[in-house]
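Structure first, commentary second.
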Amino acid sequence: MITPDHIQHESEETEERQVARLLIVDDEEIMREFLKEVLGEEGYSIDLACSGREAVDKMQVDQYDVIITDIVMPELDGLGVVAAAKRLPYEVAVVVMTGYASMETAVESMKLGASDYITKPFNIDQIRIIVSNALEARVLRKRAAEGEFYKELSRKDGLTELYNHRFFHQLLDTEVSRAERYGRVVSLLMIDIDDFKRYNDTHGHPAGDLILRRLARLLKRSSRNCDFVARYGGEEFAVIVPEVKPDSARRMAERVRNLIDESDFEGEEALPGGRLTISVGVATFPAQAESKRELLEHADQALYQAKAAGKNRVAVYGEEGVH
């Protein structure tokens, strides 16, 4: 039976079996040929450049896994090659070659982004180990970056690119626990698009999806960097607002409501009043809730009251008529 783990394992083995491409840069032919022979025996694909300028030109045309460059060269030296490699749109490991008298330059190259250095006269085993380590580190960095990408992807709603429902709950758990531990506050805004079913029935779901994306961008724009904006489900959104008390949370909610009310949306003339609007329910921990569950319930109850009172308005839990 083929399992997902088996497929992933085969994929990783395939990546490791691919022939690594190396570019050797040195203005001395004897050094280039020596390194080509040593590293060619390891099964690598080798390309040569006799100057820093030629190396930069080759980098623009071909993609390399490792660049091995001498430090001391006329015109463009090894430091220039390192700098050029770091500007490439793909990641490449750079190993510099230097004599003992130029160790300070080797250190400088490491600060610029070189991954390692080889000292002259060469030790063949050292060359093999350093290149192997550079390739392994590159693969590990690539896998780590891909892991972060898929981790971030798992947190996002595919349509709006806001945080999804599952990750919203994790964030709210964290913020309520932090507020409880340190005696702080956290507010929650529950937002619902008014009469969205009518919009979808009139214009179709693809048009409705465009509205959801547009609204998501507006919510992000009207929130602080420390706020968390999520798609709670369907046409409902949520904003976690740390360190904001009820009065300030109301003002923020009114600001968001006004922004949506004053924005133009394609096809909104089909809605009551000819405008696309939102209703917002607000609750704050610990002033109006003693737990995460209560915070959610009370913000949702406030949203219901905002809808019942005529829509396109903000309701705060605990205020007159909002319970």
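Looking at 23, 48, 112 in this structure, which one is more than 27 Å from residue 146 (Cα to Cα) and not basic (Lys, Arg)? Exactly one of 23, 48, 112 is more than 27 Å from residue 146 (Cα to Cα) and not basic (Lys, Arg), namely 48.
When the criteria are applied in full, residue 229 meets the requirement of being closer than 20 Å to residue 293 by Cα, modelled with pLDDT of 95 or more and among the hydrophobic types (A, V, I, L, M, F, W, C). Candidates 152, 180, 175: the one that is over 23 Å from residue 276 (Cβ atoms) and surrounded by fewer than 14 Cβ atoms within 10 Å (Cβ to Cβ) is 152.
Where in the range 40-112 are the helices (runs of 4 or more DSSP H), entirely inside, with at least 2 residues that are touching a Phe, Trp or Tyr at 6+ places or on another chain (Cβ under 8 Å) and touching a residue at least 24 places away in the same chain (Cβ under 8 Å)?
On the way: elements: 52-61, 78-86, 103-112.
So the answer is 103-112.
Evaluate the range 152-165: report whether one residue or more is among the acidic types (Asp, Glu), out of contact with any Cys (no Cβ under 7 Å at 6 or more places or on another chain) and modelled with pLDDT under 90. So far as the range 152-165 goes, yes, one or more of its residues are among the acidic types (Asp, Glu), out of contact with any Cys (no Cβ under 7 Å at 6 or more places or on another chain) and modelled with pLDDT under 90.
If we scan the range 275-286, do we find a residue that is basic (Lys, Arg) and either touching a strand residue (DSSP E or B) at 6+ places or on another chain (Cβ under 6 Å) or more than 28 Å from residue 203 (Cβ to Cβ) (or both)?
First, pick out the residues of the range 275-286 that are basic (Lys, Arg): 275.
Pick out the ones that are also either touching a strand residue (DSSP E or B) at 6+ places or on another chain (Cβ under 6 Å) or more than 28 Å from residue 203 (Cβ to Cβ) (or both) and you get none.
No, because not a single residue in the range 275-286 is basic (Lys, Arg) and either touching a strand residue (DSSP E or B) at 6+ places or on another chain (Cβ under 6 Å) or more than 28 Å from residue 203 (Cβ to Cβ) (or both).
Can you find even one residue in the range 113-120 that is assigned to a helix (DSSP H, G or I) and either loosely packed, with under 13 Cβ neighbours inside 10 Å or within 24 Å of the chain's Cα centre (by Cα) (or both)? No, the range 113-120 contains no residue that is assigned to a helix (DSSP H, G or I) and either loosely packed, with under 13 Cβ neighbours inside 10 Å or within 24 Å of the chain's Cα centre (by Cα) (or both). Checked against (1) over 24 Å from residue 174 (Cα atoms); (2) modelled with pLDDT under 95, residue 246 passes all but condition (1). The set of residues in the range 210-256 that are out of contact with any helix residue (DSSP H, G or I) (no Cβ under 9 Å at 6 or more places or on another chain) and basic (Lys, Arg) comprises 213, 214, 217, 220, 245, 250, 251, 255. Within the range 251-271, restricting attention to residues that are touching a residue at least 12 places away in the same chain (Cβ under 8 Å) and not in a helix (DSSP H, G or I), the residue that is farthest from residue 179 (Cα to Cα) is 267.
The values are calculated or read from the model by the stated rules, or taken from the named source; none is laboratory data. Every value quoted in this text rests on a predicted model; they were computed, and no experiment measured them. No Cβ is skipped: glycine too gets one built from the backbone with ideal geometry, and neighbour counts run over all protein chains shown.
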